[in-house]
Amino acid sequence: MEKKEHIISILVHNKPDVLARIAGTLGGKGYNIESLCVNATTQYEISKIVMTTVGSQETVTRIENQLRRLVDVIQVDDLTNVESIHRELILVLLNLTADKKEQIKKAVDTNKWKIIVSADTYIILEITGDQSQIDFALARLEPLGIADITRTGIIALNLEN
Amino acid sequence: MKLKGTQILFKALEEEKVDIIFGYPGGAVLDIYDQLYKSDMKHILVRHEQGAVHAADGYARATGKVGVCLVTSGPGATNTVTGIATANMDSIPLVVFTGQVPTGLIGNDAFQECDITGITRPCTKHNFLVRSIEDLAPTIKEAFHIARSGRPGPVLIDLPKNVMVAETEYDPLNIKIRNYEAAYKPAPKKMANLFEMLTSAKRPLIMTGGGVILAKASALLTQLARKYQIPVTGTLMGLGSFPGSDPLWLGMLGMHGTYYANMAISHCDLLIAVGVRFDDRVTGTIETFAANAKIVHIDIDPSSINKNVAVDLPIIGDTQAVLKDLIKFMDEHNYTYEASQRQEWLGQIAEWKEKVPLTYCQNGKVIKPQFVIETLHKLTKGDAIITTEVGQNQMWTAQFFTFDNPNTFISSGGLGTMGFGLPAAIGVKCAFPDKHVVDIAGDGSIQMNIQELATAAQYKINVKIVLLNNGYLGMVRQWQELFYEKRYSHTDMTYAPDFVKLAEAFGVVGLRATKPEEVESILKQGLSLDCPVLMDFRVSREECVYPMVHPGDSISNMSLGSREMIN
């Protein structure tokens, strides 16, 4: 069966070890978590976890069922098959070396990327977008020498609720 | 009213109608044991914490109630892990209380500290660390609810020492717990589908599992099968969920299943699997399992559906509720089967039963283990609760002791835990003091929790141990014989204690039989004595369990042993 990336949104009770339970359930059964984003919802006692994993539909259904068995899990949705929006935020640090400085500035201007720190020797960019926009940015920035990068992982919102 | 944590614990246990605890004291639970000293709660002091969990597990399997244990922190807690994993694999409801160091010391590597909630996270249904006294009563209530609802399972509650001596208001009527809805109500459409499949099936077969016993659905399953003359096979955990003496019963299927059960699986055109999870020991190679059948899978746990076997009609729900709906649906639609409709299928099954019955050959001067089990069945008229250890003793019991009632075959199925049988029997006997409770054991397994003989002796818990002593780790030796050219690597257990003397040293009666003609009289004597008895049967050393499906093979392809075995 075809393997692809699935974005799974999970509502859980905001308990000290709930993340360990979820990570343990997946890890213990041999499933890999590609990215993970956790935060409280508008209700403090409920958290939302958005994670991505790669697998066939069959595998992902199994993952969902395993997650639903957990007492602290309230709801599990695979956002891959429903109408939803996806965003990721990345912070990128680029060194402004003599040979790359002009190229970097040009790229930032052309793509209207947001500079959040600008120093003499480096800049830090904040880029948000969906998967294709992030992939595009990374492809452009890679040859310019990324000194450091942090990614939030994908967050997503179900539009069908 | 303000109460201390230790007082709240016992009040909460009373609320849950707990009448017995299996446990072992230690530093972190001194305050709890001090409160226990002042209370009326019955407590059985085991000799190892693993024994406490297996005893609570046996109690739970035999009664359908939640089993309870109490142990100390650190090693006391880690010693429960095998027991908890055993209960988890077989979906047995337990609440295990462990002591913990004071909250201020957690994480400091304090004396007898361990992260038991971390350790048991993958082998409990859920677990809790009670961080404050206000959480204690709601946590206990929630734990019992989680343990017994939905697909049952073990729940662990870790109790820090300082929390248990703190005080708070206790009002049992005002405890709110989270809504945890585990049961699903099947759609009516599913009933119609199943009904349609059943009416058009020529060779239907029911496969019953532990889920039927857990949901107390045995009577409904029996009613369904008898009314519509559908033959029934069962998994190890399903033994007793359909009467073993009924002509429709085919015995256990799978690796050591009967010839006719495995043939029926391979030839049926409709398989109704109820409360099972299609373990690899049951299915053999998946590709050929029930290859000619449409498969209906009724189970409470959605994660069991399509996990191992792809099914045509999944019905998620409590097996009792689903069977009730199904029977009602069939009645409403006036479904009656034609006797001629089943004639060919039941005839075929009868032919298989006659061709290769379960058998063994008791001749000569050596006791056959199967003969001991059959004689035990004859003497008790099947009116006994049987626990087993794990290995050949377990498989022969499954094959040769006919179980007519649910909750009477108590065995570690999923995890296959050696050392389970004796402590489990102690737990069962505490619940049913007037019943024969017999642990059918092997000489390897029994030594893993032999210390519990002291528990049986101390409390005069009159369990009987039928030891099938072949001086080997018999099942592993069997595999070595069949698949490793008889290289018996570390399976010879000839160096063993004199079990009769050992029993006596514990204050338990020890008996021994070495010849076939002694079997009946030793069993009679052992069963009639009003005290715990260990009966050491010196059995045929290299007897194998047959039929046997080789691992990774189709279940229709069985080794039947020598012709002498089957004739």
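Brief remarks on what is shown
- Restricting attention to the range B:45-65, the residues being touching a Pro at 6+ places or on another chain (Cβ under 9 Å) and of a type in the set (S, T, N, Q) number 1.
- Any chance B:I555 is closer than 22 Å to B:Q370 by Cβ and free of Cβ contacts under 8 Å to residues at least 60 places away in the same chain: no
- Of the residues making up the range A:1-59, those that are in contact (Cβ under 8 Å) with a residue 24 or more places away in the chain, within 14 Å of chain B (Cβ to nearest Cβ) and among the aliphatic types (A, V, I, L, M) number 8.
Residues are listed down the side, and each one gets a yes or a no for (1) surrounded by fewer than 20 Cβ atoms within 10 Å (Cβ to Cβ); (2) more than 30 Å from B:M255 (Cα to Cα):
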{"residue": "B:L502", "(1), (2)": "yes, yes"}
{"residue": "B:R512", "(1), (2)": "yes, yes"}
{"residue": "B:K524", "(1), (2)": "yes, yes"}
{"residue": "B:P532", "(1), (2)": "no, yes"}
{"residue": "B:M535", "(1), (2)": "no, no"}
{"residue": "B:V539", "(1), (2)": "no, no"}
{"residue": "B:P551", "(1), (2)": "yes, no"}
{"residue": "B:N557", "(1), (2)": "yes, no"}
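- Helices (runs of 4 or more DSSP H) fully within the range B:182-229 that include at least 2 residues being touching a Ser or Thr at 6+ places or on another chain (Cβ under 9 Å): B:210-214, B:218-227.
- Strands (runs of 3 or more DSSP E) enclosed by the range B:462-566 - at least 1 residues per element that are in contact with a Lys or Arg (Cβ under 6 Å, 6 or more places away or on another chain), within 25 Å of B:V438 (Cβ to Cβ) and among the aliphatic types (A, V, I, L, M): B:533-538
- Answer residue from the range B:113-134, given it is touching a residue at least 24 places away in the same chain (Cβ under 8 Å) and part of a helix (DSSP H, G or I) and is nearest to the other protein chains (Cβ to nearest Cβ) among those: B:T117
- Yes/no for B:A87 being more than 14 Å from every other protein chain (Cβ to nearest Cβ), crowded, with 24+ Cβ neighbours inside 10 Å, aliphatic (A, V, I, L, M) and within 25 Å of B:G427 (Cα to Cα): yes
- In the range B:138-161, the residues that are closer than 16 Å to B:R61 by Cα and away from chain A (no Cβ under 12 Å): B:F144, B:R148, B:P152, B:P154
- The set of residues in the range B:15-33 being among the acidic types (D, E), farther than 26 Å from B:G104 by Cα and touching a residue at least 24 places away in the same chain (Cβ under 8 Å) consists of B:E15, B:E16.
- With respect to the conditions (1) more than 14 Å from every other protein chain (Cβ to nearest Cβ); (2) within 27 Å of B:T408 (Cα to Cα); (3) in a loop (DSSP other than H, G, I, E, B), B:N292 lacks only one, and its number is (2).
- Within the range B:141-168, residues that are closer than 12 Å to B:K125 by Cβ have Cβ atoms under 7 Å from residues that are acidic (D, E) in these pairs: B:F144/B:E16; B:R151/B:D301, counting only partners at least 6 apart in sequence or on another chain.
- Just one of the numbered conditions (1) in contact with a Lys or Arg (Cβ under 6 Å, 6 or more places away or on another chain); (2) in a strand (DSSP E or B); (3) of a type in the set (A, V, I, L, M) is not true of B:I177: (2).
- Residues in the range B:21-32 that are surrounded by fewer than 20 Cβ atoms within 10 Å (Cβ to Cβ) and within 20 Å of B:I426 (Cβ to Cβ): B:P25 only.
- Matching residues, the range B:83-107, being in a helix (DSSP H, G or I), within 30 Å of B:V212 (Cβ to Cβ) and not polar (S, T, N, Q): B:G83, B:I84, B:A85, B:A87, B:M89
The rows are residues; the columns are (1) over 14 Å from B:L358 (Cβ atoms); (2) surrounded by fewer than 23 Cβ atoms within 10 Å (Cβ to Cβ).
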residue: B:P243; (1), (2): yes, yes
residue: B:G257; (1), (2): no, no
residue: B:I265; (1), (2): yes, no
residue: B:L271; (1), (2): yes, no
residue: B:G275; (1), (2): yes, no
residue: B:T285; (1), (2): yes, yes
residue: B:H297; (1), (2): yes, no
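- Which listed residue is surrounded by 15 or more Cβ atoms within 10 Å (Cβ to Cβ), of a type outside the set (A, V, I, L, M), more than 14 Å from chain A (Cβ to nearest Cβ) and not in a helix (DSSP H, G or I), from B:Q362, B:Q370: B:Q362
- Among the residues of the range B:430-441, those identified as of a type outside the set (G, A, S) and assigned to a strand (DSSP E or B) are B:H436, B:V437, B:V438, B:D439, B:I440.
- Residue among B:G444, B:G427 that is out of contact with any Ser or Thr (no Cβ under 8 Å at 6 or more places or on another chain), part of a helix (DSSP H, G or I) and either among the basic types (K, R) or under 27 Å from B:P93 (Cβ atoms) (or both): B:G427
- Within this structure, B:A110 fails the test of being away from chain A (no Cβ under 14 Å), in a helix (DSSP H, G or I) and farther than 23 Å from A:A23 by Cβ.
- A:V71 farther than 21 Å from A:F136 by Cβ, aliphatic (A, V, I, L, M) and either within 13 Å of another protein chain (Cβ to nearest Cβ) or not in a helix (DSSP H, G or I) (or both): yes
- B:P247 vs. criteria within 22 Å of B:E354 (Cβ to Cβ), touching a residue at least 12 places away in the same chain (Cβ under 8 Å) and not polar (S, T, N, Q): no
Here is a yes/no grid of residues against (1) within 19 Å of the chain's Cα centre (by Cα); (2) more than 26 Å from B:L173 (Cα to Cα); (3) part of a helix (DSSP H, G or I); (4) modelled with pLDDT of 95 or more:
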site: B:L9; (1), (2), (3), (4): no, no, yes, yes
site: B:A12; (1), (2), (3), (4): no, no, yes, yes
site: B:I21; (1), (2), (3), (4): no, no, no, yes
site: B:I44; (1), (2), (3), (4): no, yes, no, yes
site: B:A56; (1), (2), (3), (4): yes, yes, yes, yes
site: B:Y59; (1), (2), (3), (4): yes, yes, yes, yes
site: B:V68; (1), (2), (3), (4): yes, no, no, yes
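- Subset of the range A:45-95 that is of a type in the set (K, R) and under 18 Å from the mean Cα position of the chain (by Cα) - its residue that is surrounded by the most Cβ atoms within 10 Å (Cβ to Cβ): A:K48
- For the range B:318-359, filtered to residues that are among the aromatic types (F, W, Y) and either at pLDDT below 90 or surrounded by fewer than 18 Cβ atoms within 10 Å (Cβ to Cβ) (or both), the residue that is nearest to B:L221 (Cα to Cα) is B:F329.
The values are calculated or read from the model by the stated rules, or taken from the named source; none is laboratory data. The shown structure was predicted, so the numbers you read here are calculated from the model rather than taken from an experiment. Backbone-built Cβ (ideal geometry, glycine too); neighbour counts: all protein chains shown.
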